[in-house]
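Here the structure is laid out as structure tokens; the discussion comes afterwards.
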Amino acid sequence: MMDLFIAIVTGTVIAATPLVFAALGELVVEKSGVLNLGIEGMMLVGAAAGVWVSFAGFSMPVAILAAVVSGALASLLFGVLALTFLTNQYAAGLSLAIFGAGVSAFIGKGFGSTPVDALKPLEIPILTDIPVIGPLLFNYDPLVYLSFIMLGLISWFLYRTKAGLIVRTVGESPQSAHAIGYPVIRIRYLTIMFGGAMAGLGGAYLSLAYTPLWVENMTSGKGWISLALVVFATWRPFRVLIGAWLFGGMTILQLQGQAMGIAWPSEVLSSLPYIATIVVLVIISRNRKMLALNFPVSLAKPFRPEG
Amino acid sequence: MRIIAPVAAIGLTIVISSIMFALMGHNPVAALYAFFVEPLTSVNGVSEWLLKASPLILIGCGLAIGFRANVWNIGAEGQLIMGAIAASGVGLFYPDPESALILPLMFVAGMLGGIAWAAIPAFLRARMNTNEILVTLMLTYVATLFLSLLVHGPWRDPDGFNYPQTALLPNAAMFDVFDYSYRLNTSIFITVVAVVAMWVFTERSFFGYKMSVGGAAPLAARYAGFKESGSIWLGLLISGAVAGIAGMAEASGPLGQLSPQISPGYGFAAIIVAFIGRLNAIGIVFGGLFLSLLYLGGEAVQLSLGMPSSVTLIFQGMLLFFLLASDFLIFYRFRRVVRHRVEGQA
């Protein structure tokens, strides 16, 4: 019983990790007033790039770094369209989602289903060996801990630093930010690239740690779910974590479902996270006041500096 | 002016793709020929071209009506699948497999299947303020899983060697082909009617006008008393209906049964078709023909040059990138922005 409990908790945390990365990145992007729908594409590019570099014989940190950089580069495609070319951000994000799926499939065509050397859980002396608490808290791979660190950092950055205040101002009223002299476009480029890097990291987590191999379209909607998580979190970082755990839990339910004696067809269980996404979106969206509280007012509105 | 950007985007896509071919060690001229010209040099090629363009144009017309009103249905793929499921259900289980009623009933079922699947995001957006982009997409994953459930389980053909597919539809459930050597069938007339209807709706009807105003200038539409919820319902239901019909036409046309390969991403590619066609009926016809060519070319170079089929997807994304960028280059001019200095800083 205890083992099952530990398996469910740790499984949930691990399944939530790619969502945490991608959704936190998108949260920063949206806080700066930009809506990048292309997370799915950036995650896929990151996942494929990570596997590619890993197969090329580089070490795990290099592979992860490659995923981060490729995610950021992919986001630049969106950035140029949305910021410099002032295009409709929905359309620009969609094209990134499609393009990313194509590029990642192209990169990954020769990989077959050869497994990658997976990212190993940390073995922390003494701590990992504590019964129950050890496996619950101290037996994750480094990226899981990194996701918590990023959560703390982002929340501190957005709400406790001047730079974070500027990012939020840019998202609320780019006109004002521009009028006082802040480089709105440059700031938005930086947040977009940060979002891309985080999506790439989320993708790398999928292909290097979670299911250590490349499968075409392996994100299976996790990028889109991350977008929903940002809404679910009403643009507050810590709520992203809660949402991600909820979806992580759904995923684990799906995996542990048979073990726990749920005799539903696998397709029904697999569709749970998507249905849950819709349900929570509806619950949150109905409450317009709650949404409006932290909503970046200028979200998805193109901004062109005047004067 | 409006057609410069799509033409420029297609041109740029071709230029970049030839560079890509060259980088992969192929003669770019030969590769471009294999991709864009060779598929159309045979009667069968042209038949396949129109066969694939038909669903793209059909769905593109529906989506464009929504996009004009800022209603973002990007789950046409899911609505297509649900339409195909509903239609195939009728085709497989109608008591008299030789009845002339089967095809019309399947048409209605396909349409209703698509409408039902699109009604969920329409209701949620109109009544619950829920973002339709995410809902339509999530429902696409659900539809894909539902299809998989059916063809792996209750609807699997018992004589199908365990392949995840249904039995073949009866002959009465199939559209007539023009010539038995080729797959192009009479469902293409549905697309022709849809294009005309779309043109009339957007260019000549008051409701179509109201929807466009709502999309282009929401405040103006509100002052004029045009209701937003009407646009949301109509935008989603029309696009769901045509996507469902397209799914039905795939089952009753080239496939002849229900299988997980019901659509090679037509629902997503149709988004690009709508944009390339400038959300306008005639433009969408050209957009659909070009995107269909991308599918054919992708298949052709997969066979002749051993390239992965994902080049089609890359080209699709690239095409949309270039279209959006060209729009800007045509309608705006670059200029340097002199930035104010933050007070108190150097």
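Out of all the residues in segment A:57-75, which are of a type outside the set (Phe, Trp, Tyr) and either over 20 Å from the mean Cα position of the chain (by Cα) or open to solvent by 50 Å² or more (accessible area, probe 1.4 Å) (or both)? Scanning segment A:57-75 gives A:GLY57, A:SER59, A:PRO61, A:VAL62, A:LEU65, A:VAL69, A:LEU73. For A:ARG160, the conditions (1) surrounded by fewer than 18 Cβ atoms within 10 Å (Cβ to Cβ); (2) at pLDDT below 95; (3) under 25 Å from A:ALA199 (Cα atoms) are fulfilled apart from (2).
Scanning segment B:124-138 for residues that are assigned to a helix (DSSP H, G or I) and under 20 Å from A:ALA91 (Cα atoms) gives B:ARG125, B:GLU132, B:ILE133, B:LEU134, B:VAL135, B:THR136, B:LEU137, B:MET138. Taking segment A:166-181 as the range and being without any contact (Cβ under 8 Å) to a residue 40 or more places away in the chain and touching a helix residue (DSSP H, G or I) at 6+ places or on another chain (Cβ under 6 Å) as the test, the residues that pass are A:THR169, A:ALA177.
In segment A:214-229, the condition of being within 10 Å of another protein chain (Cβ to nearest Cβ) and over 30 Å from A:LYS120 (Cα atoms) is met by no residue. Hey, any hits in segment B:101-110 for a residue that's closer than 17 Å to B:ALA243 by Cβ, assigned to a helix (DSSP H, G or I), in contact (Cβ under 8 Å) with a residue 24 or more places away in the chain and open to solvent by 10 Å² or more (accessible area, probe 1.4 Å)? Yes; the residues of segment B:101-110 include at least one that is closer than 17 Å to B:ALA243 by Cβ, assigned to a helix (DSSP H, G or I), in contact (Cβ under 8 Å) with a residue 24 or more places away in the chain and open to solvent by 10 Å² or more (accessible area, probe 1.4 Å). Selection of segment B:128-162 for residues being small (Gly, Ala, Ser) and at the interface with chain A (Cβ under 10 Å from one of its Cβ atoms) yields B:ALA143, B:SER148, B:GLY153.
Considering segment A:62-87 alone, what residues qualify as being at the interface with another protein chain (Cβ under 9 Å from one of its Cβ atoms) and without any contact (Cβ under 8 Å) to a residue 60 or more places away in the chain? Once the filter is applied, which keeps residues that are at the interface with another protein chain (Cβ under 9 Å from one of its Cβ atoms) and without any contact (Cβ under 8 Å) to a residue 60 or more places away in the chain, segment A:62-87 yields A:LEU77, A:VAL80, A:LEU81, A:PHE85. When segment A:212-247 is limited to residues that are charged (D, E, K, R) and outside any helix (DSSP H, G or I), the one that is surrounded by the most Cβ atoms within 10 Å (Cβ to Cβ) turns out to be A:ARG236. Screening A:ALA163, A:ALA118, A:ALA97 for residues that are touching a residue at least 24 places away in the same chain (Cβ under 8 Å) and part of a helix (DSSP H, G or I) leaves exactly one candidate, A:ALA97. From the list A:LEU253, A:LEU269, A:LEU293, the one residue that fits, being assigned to a helix (DSSP H, G or I) and open to solvent by less than 10 Å² (accessible area, probe 1.4 Å), is A:LEU269. Among all positions in segment B:168-178, there is at least one residue which is in a helix (DSSP H, G or I) and surrounded by fewer than 15 Cβ atoms within 10 Å (Cβ to Cβ). Within segment A:126-137, can one find any residue that is closer than 23 Å to A:ARG188 by Cα and outside any loop (DSSP other than H, G, I, E, B)? Looking through segment A:126-137, none of the residues is closer than 23 Å to A:ARG188 by Cα and outside any loop (DSSP other than H, G, I, E, B). On inspection, A:SER54 qualifies as of a type in the set (Ser, Thr, Tyr) and open to solvent by 10 Å² or more (accessible area, probe 1.4 Å). Across segment B:34-56, the number of residues qualifying as within 30 Å of B:THR202 (Cα to Cα) and either open to solvent by less than 10 Å² (accessible area, probe 1.4 Å) or of a type outside the set (Val, Ile, Thr) (or both) comes to 10.
The set of residues in segment A:273-286 that are more than 8 Å from chain B (Cβ to nearest Cβ) and either within 30 Å of A:HIS178 (Cβ to Cβ) or open to solvent by 70 Å² or more (accessible area, probe 1.4 Å) (or both) comprises A:VAL279, A:ILE283. Selection of segment B:276-303 for residues being within 14 Å of chain A (Cβ to nearest Cβ), open to solvent by 30 Å² or more (accessible area, probe 1.4 Å) and in a helix (DSSP H, G or I) yields only B:GLN302.
The values are calculated or read from the model by the stated rules, or taken from the named source; none is laboratory data. A quick note: this is a predicted structure, and the numbers were derived from the prediction, not measured. Every residue, glycine among them, receives a Cβ derived from its backbone with ideal geometry; neighbour counts consider all protein chains shown. We work out accessible area using only protein heavy atoms, side chains counted, and drop any ligands, DNA or RNA first. Shrake-Rupley method; radii C 1.70, N 1.55, O 1.52, S 1.80 Å.
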